[in-house]
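All of the numbers you see were taken from the coordinates with simple rules; none came from a lab. Bear in mind the structure is a predicted one, so any value in this text is a computation, not a measurement. As a convention, Cβ positions derive from the backbone with ideal geometry for all residues, glycine included, and neighbour counts pool all protein chains shown.
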Amino acid sequence: MPDFPFERLRRWPDVEATNLFAVDASDRLILDEAAPFLAAAGPGEVVVLEDHYGALTLGAAARLGAGAGIRVYQDALSGERALDQNAADLAALAGSFSHVPMGEELFRGARVVLMQLPRSLAALDELAGAIARHSAADVTVVAGGRIKHMSVAMNEVLRRHFAAVDVSPARQKSRVLLAKQPIRPESAESEWPRSVVHDDLGLTVCAHGAAFAGTTIDIGTRYLLEFLGRMKPDAREAIDLGCGTGVLAATLAQARPGLRVLATDQSAAAVASAEATMRANGVDDRVRVLRDDALSAQPDASAELIVLNPPFHIGSSVHAGIALKLFEDAARVLRPNGELWTVWNTHLGYRPALSRIVGQTHQVGRNNKFTVTVSTRR
C-alpha cells in the first residue's frame, strides 16, 4: 500500500522507544494478501482482530472508504487507544471503524477477517472458534505475523476450525495464513473460559485463551502469595494491578474477608477471565474488575495497598518500559505510607527504580529466580 502513510502511525499511549515500532512488515503483507477479498467486501463485512496500533484497520479503511463499517477487536486497551489516536490524526478515516467486544456481534455477517496472529495458541484457538461459529459461510481469514513468532502448530489450530488453510510465500520475514470454509461447531456456546481447581490454594482459576498463564498459576505470583499475611494488615482496600486471571485479587479476598479489592488489567481477555475467577470463588461481591491502562482511572493518593507481578515483555520485545509505567502509576495512586508489593525476575534489578519512583524499598524474599519487595510511598 504505497499511498497509505504508515510512517505517521504511533504506538502512543503505549510505551514508545527507538526499538519499538507501530507498524511492521506483517501488517503490510496482510493488507496486500487481503486486497482482492477487501475489494469484494461490502460495508460492515470486514473485521479486524488484534491490530497492534491501527495499521490493519486504517490500512483497510483507506482501501474501503469512510463508510467501511469495520468492526475491530483488540485485546490490549493501549492498542485500542493508539488506533483511536492514529485515526484522529488521519481525520478522514476516523469514522470508518468501531470497537466491538468479543462475541457474536463482532463476527455476524463478516466475510473478511484480518488478524495479527496472537503468539498464544490458546488465544488463536478461541478467536478461530469464534470466527467459525459466527461469521458468514464464505468468510476468508487473512492472518499473519513475523515468521520468528509463528509455528506449524498455528496451522493445525486453524485447521480445527476451517476446512481449507493455505500458507503464503514469505516476504520480509513475514508470512500469511489464509483460512476458508469454516467448520461450524455443534454447540452454539463457546468453550471459553476454561477453569481448573488448584486444591493446594483452595482456588479455582478461570481463563480465556489470551490470558497470561492460562488456568495455571504463574510461579512469580505463587511466590508472592507466600507473603500475603504481611501485606499491610490494616488495609481496608487493595488493588491487584495487572491482575491477569485474578489469582492475587481472589486470594486476598478469600484470606481477608474485610478487604475490598480492585483488580485491573488492560487485557480484555484478562478482565473477562478475572471476572469469571471471582464468580467461581464466591468473592465477586468484594472484588471489582476493571479494564484500565495501568491505573489511569484511579485518583491520586487513593490506595493503601497495591500488589503487582509486572510483565517484562512489550509484545515480543523484552523491555523495562511497561514495568516502569506501572511503578509510576502505583506511586501516583498510593497514599503516603501506602505499600506496593512487587514480585520480579531477580535479573531485572528493579529495586533501584522502585526506590526512586515509589519510595523506600525493602527486599522481603528471594528464591533462585524471583525477588519480592515492599515499597512504602513517601
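Quick notes on this one:
- Förster-model FRET efficiency, 30 Å R0, R236 and H362, C-beta, rounded to 0.05: 0.85
- Electrostatic dipole magnitude of segment 24-95 [Cβ: Lys, Arg +1; Asp, Glu -1; Cα centre; debye, to 20]: 240
- Links that overshoot a 29 Å alpha carbon limit, given the list K232/K369; K148/K180; K180/K325: K180/K325
- When the charge dipole of the chain is built from unit charges on Cβ atoms (+1 for Lys and Arg, -1 for Asp and Glu) and taken about the Cα centre, the candidate among L326, V23, V165 whose Cα reaches farthest toward its positive end is L326.
- When DSSP beta bridges are restricted to pairs lying wholly in the chain, around 50% turn out antiparallel.
- Each Lys and Arg contributes +1 and each Asp and Glu -1, all at the Cβ; summed about the Cα centre of segment 142-209, the dipole is approximately 700 debye.
- Once the Kirkwood radius over Cα pairs is known for segment 166-304, the Stokes-Einstein relation at 25 °C and 0.890 mPa s delivers a diffusion coefficient of 146 µm²/s.
- Of the GluC sites (Glu not before Pro) found in segment 1-69, those that fall in a DSSP loop while having at most 16 other beta-carbon atoms within 10 Å are E16.
- Among A276, S296, N309 - extreme Cα towards positive end, dipole of segment 267-309, charges at beta-carbon: A276
- When the Cα positions of M231, A110, A188 are compared along the charge dipole of the chain, M231 comes out farthest toward the positive end, with charges on each C-beta of Lys, Arg, Asp and Glu.
- Lys, Arg +1 and Asp, Glu -1 on Cβ, resulting dipole of segment 34-176 about Cα centre, debye, nearest 20: 500
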